[in-house]
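Scroll down for the structure; my scribbles are underneath it.
The values are calculated or read from the model by the stated rules, or taken from the named source; none is laboratory data. A quick note: this is a predicted structure, and the numbers were derived from the prediction, not measured. Here Cβ is always computed from backbone atoms with ideal geometry, including for glycine, and neighbour counts include all displayed protein chains. Areas reflect the complete protein model, heavy atoms only, side chains present, ligands, DNA and RNA absent. Shrake-Rupley method; radii C 1.70, N 1.55, O 1.52, S 1.80 Å.
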Amino acid sequence: MKVSEILANSTKAFPSLEIVPPLRGMTKDELLESIAPFMEFKPKYINVTSHRDEFEFREEADGSFSRHLVRNRISETTVCAAIMSRYDVDVVPHLICGGNTVEEIESRLDNLAFLGINNILALRGDSMSGEKRFTPTAGGYRYANELVEGIRSYQGSNTYRRSRGLETDDRFFCIGVGAYPEKHFEAPNIETDIANLKRKVDAGADYVITQMFFDNKVYYDFVDKCREAGINVPIIPGLKPLSTARQVAVLPESFSLDIPLELTEEIAKAGGNRNKVYQIGTEWCAMQCKDLLKHGVPAVHFYTMGKSDNITKILKECF
Ligand code: FAD
């Protein structure tokens, strides 16, 4: 089912879960076992992130350079197909502009349509490691709003089906997009960032998922600003439990977000006690989740990073 239909038909808020495709070498069974703990909660859909291949150039003995793949994950489409082969759950592959030409994106859309996958989270993607700023791929899209437009206008499988007199569906894909309650790090201000979010919705996005945040007020204020700006689609809050003390330094830097003083103080008090830090992070996230549910959010999205213990504890407590 499409996420838009799930959102429209749900009478109660539900959790959605995001996983990261494994690096090559993991087997399909190992991957499916790793998500088994989540399935107990009957998630309505699972998001699978997308990662562009990375390359490095190595100098050869003769002075020439050769190109090597240094990190390569199983593709989101393959992971989605594997999940569908074992579990009765919808999947939402992420689709990124970075590393893809328009033709490559269209080929991915054909592959998804072939598998009957009609949900996509459309994103620009981050810069490659070593790059300061995102560089669009030659012949690709520059921003996510262009990707949303491209998905909406692509008629690949419809063209084939029409030519054979088969049924077609111009709105086959339900499209979600990302948003940043604390502003995307490249945007000059939150107002401009929200105007750019509106471009994605105007281009045909059905709903929004936010970047993680650790202070719910930030999300509530963001939703108010979006509504004022005329963005009327569901805005699903994204949460991630802190699991190590190191993340207090890493997450603000990587995701351009604030961690509230109360939480950083509690973590500092735990000293080097890893279990205590893990517990504090889990409890904080459960407290955020309960408060969001009380405020009537349609769903809560969890960035699981492939870890299940803290997430399943939060799901048990909140849903
Ligand atoms: P955009 O909406 O294109 O925005 C990027 C920047 O450009 C913003 O500053 C925006 O204000 C500005 N902008 C947007 N449109 C325009 C325009 N038309 N003209 C001028 N400026 C504009 N990354 C991955 O690589 N793989 C994933 O699977 C992945 N999953 C994610 C899931 C969620 C829920 C979220 C919130 C993020 C995810 N990301 C993922 C990270 C995301 O790719 C990065 O944050 C990226 O830097 C921005 O992506 P976007 O789709 O929000 O970009």
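Pairing each residue of region 41-65 that is more than 16 Å from the ligand (Cβ to nearest atom) with any residue that is polar (S, T, N, Q), provided the two are 6+ apart or on different chains, yields C-beta distances under 6 Å for Arg58/Ser66; Glu60/Ser66. Screening Lys200 against (1) assigned to a helix (DSSP H, G or I); (2) within 16 Å of the chain's Cα centre (by Cα); (3) under 27 Å from Gln288 (Cα atoms) leaves a single unmet condition, (3). You will find that of His184, His94, the residue that is part of a loop (DSSP other than H, G, I, E, B) and buried (at least 16 other Cβ atoms within 10 Å of the Cβ) is His184 and no other. Among strands (runs of 3 or more DSSP E) entirely within region 42-89, having at least 1 residues that are at pLDDT below 95 singles out 54-59, 65-71. Contact map, region 109-124: first residue touching a residue at least 60 places away in the same chain (Cβ under 8 Å), second residue part of a helix (DSSP H, G or I) and buried (at least 21 other Cβ atoms within 10 Å of the Cβ), Cβ cut-off under 6 Å, separation 6 or more or different chains; pairs are Asn119/Val3; Ala122/Ala144; Ala122/Leu147; Ala122/Val148; Leu123/Ala144. Can you tell me which residue in region 187-205 is most open to solvent (accessible area, probe 1.4 Å), limited to those that are over 23 Å from Pro260 (Cα atoms), touching a helix residue (DSSP H, G or I) at 6+ places or on another chain (Cβ under 6 Å) and near the ligand (Cβ under 8 Å from one of its atoms)? The selected residue is Arg199.
Among the residues making up region 128-165, those that are open to solvent by 80 Å² or more (accessible area, probe 1.4 Å), part of a loop (DSSP other than H, G, I, E, B) and out of contact with any Asp or Glu (no Cβ under 7 Å at 6 or more places or on another chain) are Gly130, Lys132, Arg133, Ala138, Arg142, Tyr143, Arg164.
For region 124-168, give me each residue that is among the β-branched types (Val, Ile, Thr) and within 11 Å of the ligand (Cβ to nearest atom). It would help to see each step written out before you state the result.
Let us first name the residues in region 124-168 that are among the β-branched types (Val, Ile, Thr), namely 135, 137, 148, 151, 159, 168.
Across region 124-168, the qualifying residue is only Val148.
Kindly indicate whether any position in region 1-15 is surrounded by 16 or more Cβ atoms within 10 Å (Cβ to Cβ), assigned to a strand (DSSP E or B), out of contact with any Pro (no Cβ under 9 Å at 6 or more places or on another chain) and in contact (Cβ under 8 Å) with a residue 40 or more places away in the chain. No, region 1-15 has no match at all.
Quick one: in region 90-104, which of the residues that are over 12 Å from Ile117 (Cβ atoms) and of a type in the set (A, V, I, L, M, F, W, C) is farthest from the ligand (Cβ to nearest atom)? It comes out as Val102. Of the residues Gly99, Gly116, Gly125, the single one that is at positive phi and open to solvent by 40 Å² or more (accessible area, probe 1.4 Å) is Gly116.
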